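Below: the structure, in structure tokens.
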Amino acid sequence: MVDLTTQTLEVETARSRRPYRQMAARFMRHRLAVVGAVVLILMALIVIAAPWFLPYRYDQQDFTILGVPTPPSAEHWLGTDELGRDALTRLVYGGRVSLGVGLLGAIISTLVGTAIGSVAGFYRGIWDMLLMRFTDVMLSIPTLPLVLLLSTLFRPSPGLLIVIVGGLIWMGTARLVRSQFLALREREYVEAARALGAAGPRLILRHILPNALGPITVAATLAVGTSIMLESGLSFLGFGILPPVPTWGNILNSASGWLSIAPWLAIPPGLCIFFTVLAVNFVGEGLRDAMEPRG
Amino acid sequence: MSLSFLIRRLLGAIPLLFGISLVLFTIIHLAPGGPLDVYADNPSVSAEALDQIRARYGLDDPVPIQYVKWLSAMVVGDWGLSIRTGRPVLDEIVLRLGPTLLLGGISMALAFCLALPLGVISAARRGSRLDEAVTLGAFAGISLPVFWSALLLQLIFSIWLGWLPSAGMKSVGDGSLSDRLLHLIMPVTVLSLATIASWSRYIRSGMIDVLGQDYIRTAYAKGRRETAVIALHALRNAMIPAVTVIAIDFVTIISGAVITETVFAWPGIGRLFIESMNGRDYPMLMGLMMMGSVGVVLANIIADLAYAALDPRIRHG
């Protein structure tokens, strides 16, 4: 008995290693996806390491230049804002918040979407009906206005905001996971596991979910971009994460008031959002090609 | 496409609309504070006056009763009074609908006219330089934050070059056609840019699926030229996946081009939403959210009808 399990384990690992290597190879062939991944990793490293190499704090004010923004100079590479704060420092710290919201929002959205989709697709019947109608309801309510409404009603802390963002973008993932489950639950290996006595949660978590991980990973990656975009839009309108905590969105919000005399404040945060979301989308596309090879 | 198909779809939307109203109503009533919070710091509003307002707006009823009252009023078109202006919500919304329809309509029409050829050509020349360029452009367009592209356009064309007015629908004391058109250029560009990017992707992938099918090879085999094959045989079927996206995007723009309208001070629905947010105008916000959601539901039904018109298998299946 013991021998048998070790043997099957060995066979399993030997078999599963190859597909992963193939996947990695297919991903590496996708040039833009690789560039995107490198850009994201660099950005993450920079915003994590920020406190060690930046000479200013994000809310540190230089009172001698208070009142109007100053242009880029040797001390302040990207200039300062109207409160005498270093723009580069705020940009990097803003990246911390924006990337953090993006990542955590995507994780929440993926967990919620996967849970709802797998229960609906696995149990079908009344659960499927209720959960999918709820998904339809959430899909019908325009997202940005709803986020705005929630943020004005609840005045959320950054933590709650992440939950709100993640709680409003899971619907696509739920539908995707459900369709995966509907297809996978009829497979012979699932039937075999069922015949051996596996039921409910074990079937879902051990047997079906691992085989749906490819599309879920792609959806999760794209959700990072969606969360970043949603949070930036919200903060840009002045309702998301509030100053003095910087995010790329609220930096742009305050920069928009100085657009005519200090355009250098408005360009970097937008570029950061643009390149981050672009990189995320390229990585998502690369993962899609790598995990769901079609033709 | 039969009448019963249409009726069945419309009836099917009723539980959905019910669910939407329930979700929105719950959200507003879970919120701390309340619609009368705006008066809390106002010394000239006495406690008695506050009670009177509360009674007048029905805010002292139990929550389920408030919901039933609100829903039955909503159905007959009585959307309540705006707390901010004191005028009927529906009147205020109708007032703002014109500018938004103008902006959204032109943007969507332009987006469709550009996305269609881009998507089709890049599918027909899949893997070519052109396809790569279109794909790259589409990714860039999808990843570009609208608030930033709006600011950049203002910076370049209003502040630096001085060619275009930076905000509003028309100049004070002007209002000629050319003046209005000049005001439209930047908001339309911003709104259509992202839309072109996403639609061209959907049309491209729809086209690629269709072009690989047997009946297309048959069409070539009987001697059709490529343009005819694409325009007469492939296009109809290739449009099907894009139809829902187009319908829903259109409604989303109508119900909340919030960012674009805010940056360009466009007096439409999106700006009304932000103004109502600042005034904590709950009846107005509820009305706007409801209208937006109903719009999405209707867009889905229209998309289904369009499917049926485009694909006989759905019509008769």
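No value in this document is a laboratory result; all are computed from the given coordinates. Predicted model only: the values in this text are computed from it and were never measured. Note: ideal-geometry Cβ built from the backbone for every residue, glycine included; neighbour counts use all protein chains shown.
Working note: Karplus 6.51/-1.76/1.60 with θ = phi - 60° gives the range A:155-172 the couplings 6, x, 6, x, x, 5, 4, 4, 4, 4, 4, x, x, 10, 10, 8, 5, x Hz, where Gly and Pro are set to x. Assign one of three labels to the protein assembly as shown, namely rounded, prolate or oblate, based on the Cα gyration tensor with a ≥ b ≥ c the square roots of its eigenvalues; rounded applies when a/c is under 1.5, prolate when it is not and a/b is larger than b/c, and oblate otherwise. Rounded, because the longest to shortest axis ratio a/c is under 1.5.
If a/c stays under 1.5 just call it rounded; otherwise compare a/b with b/c (prolate if a/b is bigger, oblate if not). Do that for chain A, with a ≥ b ≥ c from the square roots of the Cα gyration tensor eigenvalues. The shape class here is prolate.
Peptide B:147-159 is shielded by partner chain Cβ atoms: per residue, an average of 5 of them sit within 10 Å of its Cβ. Within 10 Å of the Cβ of each residue in A:273-279, the mean number of Cβ atoms contributed by other protein chains is 4. Taking the number of Cβ atoms within 10 Å of each Cβ as an exposure proxy, the fewest-first ranking of B:Phe5, A:Phe53, B:Phe157 is A:Phe53, B:Phe5, B:Phe157.
In what sequence do B:Glu132, B:Glu48, A:Glu231 fall when counting other Cβ within 10 Å, fewest first? Don't skip to the answer; put the middle values down first.
Numbers: B:Glu132 14, B:Glu48 8, A:Glu231 29.
Lowest to highest Cβ neighbour count: B:Glu48, B:Glu132, A:Glu231.
Entry note, chain A: the mean residue ellipticity at 222 nm calculated from DSSP H runs of n ≥ 4, each adding -39500 (n - 2.57), is -23500 deg cm²/dmol after division by the residues and rounding to the nearest 500. Taken residue by residue and averaged, Cβ atoms of other chains lying within 10 Å of the Cβ of A:130-142 number 6.
Remark: relative contact order (chain B) = 25 percent; criterion is Cα-Cα distance under 8 angstrom and separation of 6 or more residues. For the range A:233-295, the relative contact order works out to 21 percent when only alpha carbon pairs closer than 8 Å and six or more residues apart are counted.
In plain terms, the C-alpha convex hull of the range B:97-310 casts an average shadow of 14.3 nm² when viewed from every direction.
Using all pairs of distinct alpha-carbon atoms, the Kirkwood hydrodynamic radius of the range B:198-280 works out to 15.5 angstrom.
Residue order for A:Cys272, B:Cys113, fewest other beta carbons within 10 angstrom first, comes to B:Cys113, A:Cys272. With the helix formula -39500 (n - 2.57) applied to DSSP H stretches of n ≥ 4, chain B reaches a computed 222 nm mean residue ellipticity of -24000 deg cm²/dmol.
In percent, rounded to a whole number, the relative contact order of chain A is 26, using alpha-carbon pairs under 8 Å and six or more apart. Backbone amide hydrogens, once placed in the peptide plane, bring A:Thr80 within less than 5 Å of A:Thr70, A:Ala87, excluding anything fewer than 5 places away on its chain.
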